[in-house]
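Beneath this line is the structure, given in structure tokens, with notes to follow.
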Amino acid sequence: MKNALSLKYYGITLLIIVILVSVISFIEMYFCWSGKPISISQFENIDLTNYNTTDKIATTVYLILDITLLIPAIWFYKICNKIAKRDFYNEEIISYFKNIGTSLFLLSIIPLFLVRLLNTSDNFIKPEFWFNIHPFFFMFIATLFETFAFILKEGLKHKQENELTI
């Protein structure tokens, strides 16, 4: 029971961190487009007045990617709550695992191609996004979530077959 409860705490901690990062990302987007200096974030040492529109669009997309992590974090929090209640074989948990995997995988594709497709200026500095973890690592994690969904789905089938047998 202690391990399940600690998982619930990890879920809420992750959710709080992602919420805080999302709020900071909104603030950074505002300052990026307003051109005002900002002293509370990664843009403190960047002269945003030299950014052209393409640079601002690329920066905004990276910051939106930070914000989009909020959705998988909410799903993971819901998974942790169900597991804390010892509700392992549940269609909802399987769906959340699959959704997390799919969303992380698709969102990881964007930063891989963004800078390659946009013609940013020499002044552009790629912001740290997703806690500065490479998108390929998120693709591996996404694949793990998809695998968890598959394993739980197969486990649920076997459990239902066993219940029918009994």
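The values are calculated or read from the model by the stated rules, or taken from the named source; none is laboratory data. Fair warning: this is a prediction, and the values are worked out from it, not measured in the lab. Cβ atoms come from the backbone with ideal geometry, glycine included; neighbour counts cover every protein chain shown. Areas reflect the complete protein model, heavy atoms only, side chains present, ligands, DNA and RNA absent. Shrake-Rupley method; radii C 1.70, N 1.55, O 1.52, S 1.80 Å.
Every residue in the stretch 24-36 that is open to solvent by less than 80 Å² (accessible area, probe 1.4 Å) and without any contact (Cβ under 8 Å) to a residue 60 or more places away in the chain, please. Reasoning before the result, please.
First pass over the stretch 24-36, keeping only residues open to solvent by less than 80 Å² (accessible area, probe 1.4 Å): 24-25, 27-29, 31-32, 34-35.
Scanning the stretch 24-36 gives Ile24, Ser25, Ile27, Met29, Phe31, Cys32, Ser34, Gly35.
Would you point out which residue out of Ser95, Ser34 is small (Gly, Ala, Ser) and either within 30 Å of Gln160 (Cβ to Cβ) or in contact with a strand residue (DSSP E or B) (Cβ under 9 Å, 6 or more places away or on another chain) (or both)? Show your work before the answer.
Details: Ser34 fails: either within 30 Å of Gln160 (Cβ to Cβ) or in contact with a strand residue (DSSP E or B) (Cβ under 9 Å, 6 or more places away or on another chain) (or both).
Being small (Gly, Ala, Ser) and either within 30 Å of Gln160 (Cβ to Cβ) or in contact with a strand residue (DSSP E or B) (Cβ under 9 Å, 6 or more places away or on another chain) (or both) holds for just one of Ser95, Ser34, which is Ser95.
Counting only helices (runs of 4 or more DSSP H) that sit wholly inside the stretch 1-108, those with at least 3 residues that are within 23 Å of Lys153 (Cβ to Cβ) and aliphatic (A, V, I, L, M) are 70-84.
The residue that is nearest to Glu146 (Cα to Cα), among those in the stretch 78-116 that are of a type in the set (Phe, Trp, Tyr) and touching a helix residue (DSSP H, G or I) at 6+ places or on another chain (Cβ under 9 Å), is Phe97.
Inside the stretch 103-154, can you point out the residues that are modelled with pLDDT of 90 or more and among the hydroxyl-bearing types (Ser, Thr, Tyr)? The answer is Ser103, Ser108, Thr143, Thr147.
Given the options Ile100, Ile71, Ile67, name the one that is open to solvent by 70 Å² or more (accessible area, probe 1.4 Å), modelled with pLDDT of 90 or more, within 23 Å of Thr13 (Cα to Cα) and out of contact with any strand residue (DSSP E or B) (no Cβ under 8 Å at 6 or more places or on another chain). Talk me through it step by step, then tell me what you get.
On the way: Ile100 fails: open to solvent by 70 Å² or more (accessible area, probe 1.4 Å); Ile67 fails: open to solvent by 70 Å² or more (accessible area, probe 1.4 Å).
Result of the check over Ile100, Ile71, Ile67: Ile71.
With the condition kept exactly as written, say whether any residue in the stretch 151-161 is within 12 Å of the chain's Cα centre (by Cα), assigned to a helix (DSSP H, G or I) and more than 30 Å from Asn52 (Cβ to Cβ).
Going through the stretch 151-161, the residues within 12 Å of the chain's Cα centre (by Cα) turn out to be none.
Looking for residues that are within 12 Å of the chain's Cα centre (by Cα), assigned to a helix (DSSP H, G or I) and more than 30 Å from Asn52 (Cβ to Cβ), one finds none in the stretch 151-161, hence no.
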